[in-house]
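Peer 1: Take a look at this one; I'll ask things after.
The values are calculated or read from the model by the stated rules, or taken from the named source; none is laboratory data. Keep in mind the model is a prediction, meaning the values are calculated, not measured. Note that we place each Cβ from the backbone using ideal geometry, even for glycine, and neighbour counts take in every protein chain shown. Quick note on the areas: whole protein, heavy atoms, side chains included, nothing else; ligands and nucleic acids left out. Shrake-Rupley method; radii C 1.70, N 1.55, O 1.52, S 1.80 Å.
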Amino acid sequence: MFMSIYTAFSAPFITLHVAIPCIFHSRQQTQTLEPKTLESYGLDPSVLQFVGLTGYTRLSKGLAGVLFIGYAASLLFPWIIEYVALIPAKTIPFVWNVITAGYIELSIFGLIVNILGLLFSAKLLEPIWTSREFLKFIIFVNSFTLVGVYITAITCYYITRREKFLYTRLSGFHGVLSGFMVGAKQTTPDQEILALGSFNMRAEWLPSLLVFMSVIISFVTPEALSYLPFVIFGTYGGWLYLRYLLRNTETDLNGDPKDEFSFSTFFPGFIRPAVDFIASIFHKLLCGKRSIPWRVDGDHVSDSISMLGFDTTESSRRDIP
């Protein structure tokens, strides 16, 4: 029963892992092994290159090793889970849980999905973002996700008084995988991919589809409810980092202020005006009139970008003399 639930929940991740190499194929060259080495094992180099089994980055392989070590440690030393997994009742004083829990996977199926997602995402996004920014993205999204999950668990306990919210072991890399989907939305939003093996959709809808499916599955199978905060906070944390913190090597400035990457673009078109209106209220309450400059392509500059980035409809552009 558990495996069927996990399989259903993980379908969007698996779809991304298969589809995302096609999305970014034109953005980078794939490193291949020597044909002689592959042929000696009876493998066709062109086939391996086509399915994306070569050219993984050193950083991604190192991080995959961290995930494997975390899984192996949980098997060999089960008692260590009490100290590295996120157990809300024990997070204080074990505050490092909000960092370590993201790299601990307790099932072999989850480990495989996480490693494959990490390797493919790094192969496709790291050359665009740089290794430094890719690592910072993972650290930020992982920490942001786990802090959000912790706050959610504590809030649910005070509302329901159910102790299961305090003592459930929470861990996994799926929050960061959700953030990688936001990366696909940012870099190639217009690319059409085959989603869930049945219909075509644009890459910009990958994060929204994942969140929507996670909510639906949580209602159908309450056992999957513990994954929902990871997906929601991972998606939002990924957007926050890319929107404001990602260092742009071309402009030497931070963030992505494009209207096409505003928060409302995660919602269907008929809802976006309402989302923009609500977001503008939060912007005025939290940021007032503060703004940051942004340079785009050396030809235009945004007069103001909301510090939260929600109210993009008020931003304007003017020519540089």
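Peer 1: I'd like the full set of residues that are small (Gly, Ala, Ser), surrounded by fewer than 17 Cβ atoms within 10 Å (Cβ to Cβ) and either touching a residue at least 12 places away in the same chain (Cβ under 8 Å) or not in a helix (DSSP H, G or I) (or both), limited to the range 253-286.
Peer 2: Matches in the range 253-286: Gly269 only.
Peer 1: Just give me the residues in the range 85-100 being over 16 Å from the mean Cα position of the chain (by Cα) and either surrounded by 20 or more Cβ atoms within 10 Å (Cβ to Cβ) or within 19 Å of Phe233 (Cα to Cα) (or both), in sequence order.
Peer 2: Ala85, Leu86, Ile87, Pro88, Thr91, Val95, Trp96, Asn97, Val98, Thr100 - these are the residues of the range 85-100 that are over 16 Å from the mean Cα position of the chain (by Cα) and either surrounded by 20 or more Cβ atoms within 10 Å (Cβ to Cβ) or within 19 Å of Phe233 (Cα to Cα) (or both).
Peer 1: If you check Phe199 against the conditions, is it more than 10 Å from the chain's Cα centre (by Cα), at pLDDT 80 or above and open to solvent by 70 Å² or more (accessible area, probe 1.4 Å)?
Peer 2: Judged against the criteria, Phe199 is not a match.
Peer 1: If Gly148 meets every condition in (1) under 26 Å from Phe212 (Cα atoms); (2) open to solvent by less than 40 Å² (accessible area, probe 1.4 Å); (3) over 23 Å from the mean Cα position of the chain (by Cα) apart from one, which number is that one?
Peer 2: Exception for Gly148: condition (3).
Peer 1: If you don't mind, another one. Only one of Ile217, Ile159 is open to solvent by 20 Å² or more (accessible area, probe 1.4 Å) and closer than 27 Å to Lys90 by Cα; which?
Peer 2: Ile159
Peer 1: Report the residue count in the range 149-187 for those that are of a type in the set (Phe, Trp, Tyr) and in contact with a Phe, Trp or Tyr (Cβ under 8 Å, 6 or more places away or on another chain).
Peer 2: Within the range 149-187, residues that are of a type in the set (Phe, Trp, Tyr) and in contact with a Phe, Trp or Tyr (Cβ under 8 Å, 6 or more places away or on another chain) number 3.
Peer 1: Is there a residue being at pLDDT below 90 and open to solvent by 60 Å² or more (accessible area, probe 1.4 Å) anywhere in the range 169-180?
Peer 2: Scanning the range 169-180, I find no residue that is at pLDDT below 90 and open to solvent by 60 Å² or more (accessible area, probe 1.4 Å), so the answer is no.
Peer 1: Among the listed residues Leu228, Leu206, which satisfies the condition of being buried (at least 22 other Cβ atoms within 10 Å of the Cβ) and assigned to a helix (DSSP H, G or I)?
Peer 2: Only one candidate passes the filter, namely Leu206.
Peer 1: Among (1) in contact with a Gly (Cβ under 8 Å, 6 or more places away or on another chain); (2) open to solvent by 40 Å² or more (accessible area, probe 1.4 Å); (3) not aliphatic (A, V, I, L, M), there is one condition Arg58 misses while meeting the rest; what is its number?
Peer 2: (1)
Peer 1: Restrict the check to the range 290-297 and report whether at least one residue is open to solvent by 90 Å² or more (accessible area, probe 1.4 Å), modelled with pLDDT under 50 and closer than 25 Å to Gln191 by Cβ.
Peer 2: Among the residues of the range 290-297, at least one is open to solvent by 90 Å² or more (accessible area, probe 1.4 Å), modelled with pLDDT under 50 and closer than 25 Å to Gln191 by Cβ, which makes the answer yes.
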